[in-house]
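Structure first, commentary second.
No lab work stands behind these numbers, since they all come straight from the coordinates. Since the structure is predicted, the reported quantities are computational estimates derived from the model, not experimental observations. Note that we place each Cβ from the backbone using ideal geometry, even for glycine, and neighbour counts take in every protein chain shown.
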Amino acid sequence: MSDTELLEKIVMNPKIMGGKPIIRGTRLTVEFILNLLAHGSTTDEIIQEYRTIAKEDIQACLLFATKSLEDSSFLPLAASNE
């Protein structure tokens, strides 16, 4: 599946979840899915729990987050010991 096809799975509507990016046809936000992954849930576990989504929807969330960060600049939150 191409990047364009994956990104079409993510939509934003001010009337749904306060306009946060969601997986098309659901009320599952990209943020929620990324948080599940960050806390150790596997793709298979997420799909089992939320049967309305597919592996490609989770890939779309990851790609959306990647694309969202491409043009961002960051300042360190704390001094590094390096």
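Annotations
- When the residues of the range 61-82 are filtered to those that are surrounded by fewer than 15 Cβ atoms within 10 Å (Cβ to Cβ) and aliphatic (A, V, I, L, M), the one that is nearest to residue 8 (Cα to Cα) is 69.
- Some residue of the range 1-15 being surrounded by fewer than 17 Cβ atoms within 10 Å (Cβ to Cβ), in a helix (DSSP H, G or I), out of contact with any Phe, Trp or Tyr (no Cβ under 8 Å at 6 or more places or on another chain) and basic (Lys, Arg): no
- All positions within the range 25-36 that are loosely packed, with under 12 Cβ neighbours inside 10 Å and in a loop (DSSP other than H, G, I, E, B): 25, 27
- Where a residue in the range 32-44 is within 16 Å of residue 65 (Cα to Cα) and its partner, wherever it lies, is among the aromatic types (Phe, Trp, Tyr) and surrounded by 11 or more Cβ atoms within 10 Å (Cβ to Cβ), with Cβ under 7 Å and at least six apart: none
- Within the range 37-60, the set of residues being aliphatic (A, V, I, L, M) and surrounded by fewer than 15 Cβ atoms within 10 Å (Cβ to Cβ) comprises 38, 54.
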